[in-house]
Amino acid sequence: MAAQAISKAPSNQKTMTMIVTKGALDWAYPPFILGTTAAAMGVNVTMFFTFYGLPLLLKKLNLQVTPLGNAAMKMPMMGMHIGLPNIVGAIPGVDAACSVMMKNLIKRKGVASIEELREAAVESDVKMIACQMTMDLFEYKLDDLIEGTTLGGAATFMEKALKSDVSLFI
Amino acid sequence: MTNQVLDAKGLNCPLPILKAKKALKDVPVGGTLEVFATDPGSVADFEAFCRATGNELVESTQDKDVYRYLIKRLN
């Protein structure tokens, strides 16, 4: 296993590590965009999913976005940019409606879906580590997560982060 | 002589780069990949991608809303 990893990573290869802590539809984009792009640029990428970032590894994704408390979320509508007052965002069903709108917008603008980006990440050998503590805390099993996911803790991440050229917390 | 053509029109960041990377795998070393895109951000991105991966951006041109890149695979 170790020999395989070494042979795949030339000594001059750049490495990037990322901690992914947020799993909302909007927050899922930066880590997956950077992870897949870095991998396409020949970087060895490791993503560590913890807390609310962990559900991004679930086999079936159902990502949602919330306008609640999201002051900068203005959607392009009728030639304007419209935000929702918090009191409207708090009404049941508004999150679901906003999520559908956001996904339609994403599709219309030719932006990749998170499912697509995650698949590209897996294809380009981005290493996905699920935080064991989060798995215990929120009661997830390795079986719930996509294939290729490995388990690890803070020390697992730190060992890789210490040797990496770029390390991000998202 | 273009070995491969990639139509990335209508796609947004980072898809043109991801698809170009994938397409480059099927281009022999020394061969070229021609990419068409409509994402204005792809101009700077293809320059950076080629610099970082050690491939040569032979041409970067624009015809109305369509950007065209000619990438020579060097490794």
State whether one or more residues within the stretch B:54-71 are among the basic types (Lys, Arg) and within 13 Å of chain A (Cβ to nearest Cβ). no
Looking only at residues that are in contact with a Phe, Trp or Tyr (Cβ under 6 Å, 6 or more places away or on another chain) and among the hydrophobic types (A, V, I, L, M, F, W, C) in the stretch B:1-42, which one is surrounded by the fewest Cβ atoms within 10 Å (Cβ to Cβ)? B:Val35
Return yes or no: is A:Ala72 more than 14 Å from every other protein chain (Cβ to nearest Cβ), without any contact (Cβ under 8 Å) to a residue 24 or more places away in the chain, in a loop (DSSP other than H, G, I, E, B) and out of contact with any strand residue (DSSP E or B) (no Cβ under 7 Å at 6 or more places or on another chain)? yes
Can you tell me which of (1) more than 15 Å from A:Ala121 (Cβ to Cβ); (2) more than 19 Å from the chain's Cα centre (by Cα); (3) not hydrophobic (A, V, I, L, M, F, W, C) is the one A:Gly42 doesn't meet? (1)
Complete set of residues in the stretch B:1-23 that are within 12 Å of another protein chain (Cβ to nearest Cβ) and either more than 21 Å from B:Lys64 (Cβ to Cβ) or of a type in the set (A, V, I, L, M) (or both): B:Ala8, B:Leu11, B:Pro14, B:Leu15, B:Ile17, B:Leu18, B:Lys19, B:Ala20, B:Lys21, B:Lys22, B:Ala23
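Where a number appears in this text, it was derived from the coordinates with a stated rule and is not lab data. All of these numbers come straight from a predicted model, not from anything done at the bench. For neighbour counting, all protein chains shown are included, and Cβ atoms are generated from backbone atoms with ideal geometry for every residue, glycine included.
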